[in-house]
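A short write-up of the structure that comes next.
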Amino acid sequence: MASRKGGTLYIGVTNDLARRAHEHREGLVLGFTKRYAVKTLVWYEEYDDFREAIAREKALKEWNRAWKLRLINEANPEWSDLYPFL
């Protein structure tokens, strides 16, 4: 999720992306995402195995910012909000 194009990024894992994205969008989640207005779903991956999802989340959190921005830009160059398409 992002605050705006090129803005603050948040990476997380959930078993219900639509619910979790809604919580962030509405400011229902206290902490980082609310403080920095991170409300736009700009990229996501789906996994059948939750352990794989957690491993991927941990790996992405270790990436430098440029790599994360490139990943988003390649899949969603306009940084369009993907939430309506869930």
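The values are calculated or read from the model by the stated rules, or taken from the named source; none is laboratory data. Quick caveat: nothing in here was measured; it's all calculated off a predicted structure. Every residue, glycine as well, gets a Cβ built from its backbone with ideal geometry; the counts of neighbours run over all protein chains shown. Side chains are part of the model used for accessible areas, which takes the heavy atoms of the whole protein and leaves out ligands, DNA and RNA. Shrake-Rupley method; radii C 1.70, N 1.55, O 1.52, S 1.80 Å.
Some points to look at:
- Scanning region 38-64 for residues that are open to solvent by less than 50 Å² (accessible area, probe 1.4 Å), assigned to a helix (DSSP H, G or I) and under 14 Å from TYR10 (Cβ atoms) returns GLU57, LEU60.
- Number of the condition not met by LYS5 [criteria: (1) open to solvent by less than 100 Å² (accessible area, probe 1.4 Å); (2) in a loop (DSSP other than H, G, I, E, B)]: (1)
- Given (1) part of a loop (DSSP other than H, G, I, E, B); (2) in contact (Cβ under 8 Å) with a residue 60 or more places away in the chain; (3) in contact with a strand residue (DSSP E or B) (Cβ under 9 Å, 6 or more places away or on another chain), number of the condition ILE72 does not satisfy: (1)
- Residues of region 31-68 classified as under 24 Å from PHE85 (Cβ atoms) and of a type in the set (Phe, Trp, Tyr), total: 5
- The residues in region 1-23 that are under 21 Å from ARG65 (Cα atoms) and in contact with a helix residue (DSSP H, G or I) (Cβ under 8 Å, 6 or more places away or on another chain) can be counted, and the count is 8.
- Residues considered: ARG25, ARG19. Of these, the only one that is at pLDDT 95 or above and open to solvent by 90 Å² or more (accessible area, probe 1.4 Å) is ARG19.
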